[in-house]
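Have a look at the structure below, then the notes.
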Amino acid sequence: MTITQLQYVLAVAEYKNFTLAAEKCFVTQPTLSMQIQKIEEELGIQIFDRSKKPIQLTDIGQKIVAQAKNIVNEADRIQDIVDLQKGFIGGEFRLGIIPTIMPTLLPMFLNNFIKKYPKVKLIIEELNTAEIIIKLKNGHLDAAIAATPLEDEKIKEIVLYYEPFMVYIPEGHSNFEKKEIEIDDLNIDEILLLQDGHCFRDGILNLCKNTSQNGDNKFQIESGSFETLIKLANEGLGITLLPYLHSLDLKESDKLKLKHFVEPKPAREVSLIFPKNELKIHIIDALRQTISGVLRGAIAFQNVEIISPIQKK
């Protein structure tokens, strides 16, 4: 059997369809089917149950796919070893970034990175955390930047920085005159939230789990945009919480409405995450160094309390 044949097996296992798998592998469907059939004949077993729709792995097929992932990953590592020995940092690198980090962090480091490493073709996707985890495990991303800890044994995390939560309070609100905010000052009913699927939203819900509720909120809105939440807050429709870096981009009149939490400040941990097989580790390290370099001095908070990005039941 060949590495290419194993890649075809992995594609069918992922997409559960021979035609779609062939498209993703850039081969014809008959070619892919023939190569998979050759493996099955060589091993004397059926990897796929073709009678089911969508196609399912057989019991032995599940074990073969698990081993095939290891073999393909280790084969990819050979090129990594050669590149590392030559000191070559280049090639295609697929990076995922969650939506609440991408608008502020990406402009800070992207230009520096592509100038320093012009041979790297950086392919960046904005994805939520759940999508990132799936793509990392399926080999469709090399690394990602997300809020951590994720508590996933198959993913390695390297902390980049700690980013405090800021409270955005409009004039006229009962807490507007306070210099610093305590968690007990928050009322979850009046906090304008990002829509479901954002880990920053889950962090806020975890932070406010034991805060007061009055149950008399007149409306409920969830947005995918901090800008929308800020505008609603300015209309007196509630307060909202922002990541520290996002607060730096506000106009000066809006910055007057920002409040820090008392120490230890609730914060999110932002990390560079990647599969534990550590493929393309030389590019991952170059990315880490670049980001750490541009953030040095821009964000430096020590006395923080990390709020989990994982939704608590």
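The values are calculated or read from the model by the stated rules, or taken from the named source; none is laboratory data. As the structure is a prediction and not an experimental result, all values here were calculated from the model. Here the Cβ positions follow ideal geometry from the backbone for every residue, glycine too, while neighbour counts run over all protein chains shown. We work out accessible area using only protein heavy atoms, side chains counted, and drop any ligands, DNA or RNA first. Shrake-Rupley method; radii C 1.70, N 1.55, O 1.52, S 1.80 Å.
Okay, here's what the table says:
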read-out: Single residue of segment 273-309 satisfying the filter (open to solvent by 50 Å² or more (accessible area, probe 1.4 Å) and within 16 Å of the chain's Cα centre (by Cα)) that is farthest from ASN112 (Cα to Cα); value: LYS276
read-out: Tabulated pairs, segment 250-265, first of a type in the set (Phe, Trp, Tyr), second surrounded by 15 or more Cβ atoms within 10 Å (Cβ to Cβ), C-beta under 6 angstrom, 6+ apart or interchain; value: PHE261/ILE181
read-out: Single condition GLU153 does not satisfy, out of (1) closer than 26 Å to ASN128 by Cα; (2) modelled with pLDDT of 85 or more; (3) open to solvent by less than 10 Å² (accessible area, probe 1.4 Å); value: (3)
read-out: Close pairs (8 angstrom Cβ cut-off, 6 or more residues apart or separate chains): farther than 22 Å from PRO99 by Cα in segment 185-209, of a type outside the set (Val, Ile, Thr) and part of a helix (DSSP H, G or I) anywhere; value: LEU186/LEU207; ILE188/LEU205
read-out: Check on ALA144, surrounded by 17 or more Cβ atoms within 10 Å (Cβ to Cβ), in contact (Cβ under 8 Å) with a residue 60 or more places away in the chain and not in a strand (DSSP E or B); value: no
read-out: Candidates ILE306, ILE299 - the one that is of a type outside the set (Lys, Arg) and touching a Lys or Arg at 6+ places or on another chain (Cβ under 9 Å); value: ILE306
read-out: Residue in segment 40-47 that is among the small types (Gly, Ala, Ser) and either touching a helix residue (DSSP H, G or I) at 6+ places or on another chain (Cβ under 8 Å) or within 30 Å of HIS282 (Cα to Cα) (or both) present; value: no
read-out: Within segment 29-64, considering residues that are charged (D, E, K, R) and not in a loop (DSSP other than H, G, I, E, B), the one nearest to GLN5 (Cα to Cα); value: LYS38
read-out: Breaking point among (1) in contact (Cβ under 8 Å) with a residue 24 or more places away in the chain; (2) surrounded by 14 or more Cβ atoms within 10 Å (Cβ to Cβ), for ALA21; value: (1)
read-out: First in segment 91-110 and among the small types (Gly, Ala, Ser), second anywhere and assigned to a strand (DSSP E or B) and surrounded by fewer than 18 Cβ atoms within 10 Å (Cβ to Cβ), Cβ under 6 Å, 6 or more apart; value: GLY96/GLU125
read-out: Restricting segment 136-195 to residues that are in contact with a Ser or Thr (Cβ under 8 Å, 6 or more places away or on another chain) and of a type in the set (Gly, Ala, Ser), the residue that is nearest to ILE124 (Cα to Cα); value: ALA146
read-out: Pair list, Cβ < 9 Å and 6+ apart or interchain, from segment 282-308 residues that are under 30 Å from GLY87 (Cα atoms) to residues that are in a loop (DSSP other than H, G, I, E, B) and open to solvent by less than 40 Å² (accessible area, probe 1.4 Å); value: ILE283/GLY90; ILE283/TYR117; ILE283/ASP142; ILE284/ASP142; ALA286/TYR117; LEU287/TYR117; THR290/TYR117
read-out: Single condition TYR168 does not satisfy, out of (1) under 21 Å from ALA298 (Cα atoms); (2) under 19 Å from the mean Cα position of the chain (by Cα); (3) crowded, with 17+ Cβ neighbours inside 10 Å; value: (2)
read-out: Filtered residue count, segment 78-117, keeping only those that are open to solvent by less than 40 Å² (accessible area, probe 1.4 Å), in contact with a Gly (Cβ under 9 Å, 6 or more places away or on another chain) and in a helix (DSSP H, G or I); value: 2
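Residue-by-condition table, conditions (1) modelled with pLDDT of 80 or more; (2) among the aliphatic types (A, V, I, L, M); (3) loosely packed, with under 12 Cβ neighbours inside 10 Å:
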| site | (1), (2), (3) |
| --- | --- |
| LEU186 | yes, yes, no |
| LEU194 | yes, yes, no |
| CYS199 | yes, no, no |
| THR211 | no, no, no |
| ASP216 | no, no, yes |
| PHE219 | no, no, yes |
| THR228 | yes, no, no |
